[in-house]
Every structure is written in C-alpha cells, then in structure tokens.
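All remarks here apply to the structure that follows.
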Amino acid sequence: DGEPLLSSLPKDDGGTLEGALPDGWLESTDPSSGKTFYYNQITGESVWERPIIVKMEDVVAVENEPSPSSIMDSSAAVA
C-alpha cells in the first residue's frame, strides 16, 4: 500500500483526552481504500498506524527499571 491520499483531511477540533492523538496529528480516511490513516500537519508525514502519546513519567519509569541482563548478573553473583 502506498501513502494515503491527503485530499480530505479533517479540521483539528481539539478532540478529547480519550483516544487523543499527539500534537499536530489528525485522523482521516483514505478515500480510495476506506482505511484510516494519520497525518502530521506539522511535518507532513502520513502513516497507517495510530501514533501514540508517550507520557514522560512512563519513560522515566522504564528508564529506572533494571535491564534483564543486570538482573541476571546480580543473581549470578548471589549464587
């Protein structure tokens, strides 16, 4: 599949928090295929998969978790 057509982009109405897209992204339907696509009005990028909003606290939590290899290394030292 090629890039979706951008001829019928919706206006950004602000949406709601539930199902919100990251800033600058719009959801639309490709008229030739009927498939939903997402368009970034800032960068001009269009994608088929819904972009997600990553919360900074989620990123920090993941960064603070030990990696599987560090868990294995510390458990091997105890044995």
Practice problem: Using label points projected 7 Å from each Cα along Cα→Cβ, tell me how many nm separate residue 50 and residue 33, to one decimal. | Solution: 1.7 nm
Quiz prompt | List 53, 42, ordered by accessible area with a 1.4 Å probe, largest first | solution = 42, 53
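The values are calculated or read from the model by the stated rules, or taken from the named source; none is laboratory data. Keep in mind it's a predicted model, so treat the numbers as computed, not measured. Virtual Cβ from ideal backbone geometry, glycine too; neighbours counted across all protein chains shown. We work out accessible area using only protein heavy atoms, side chains counted, and drop any ligands, DNA or RNA first. Shrake-Rupley method; radii C 1.70, N 1.55, O 1.52, S 1.80 Å.
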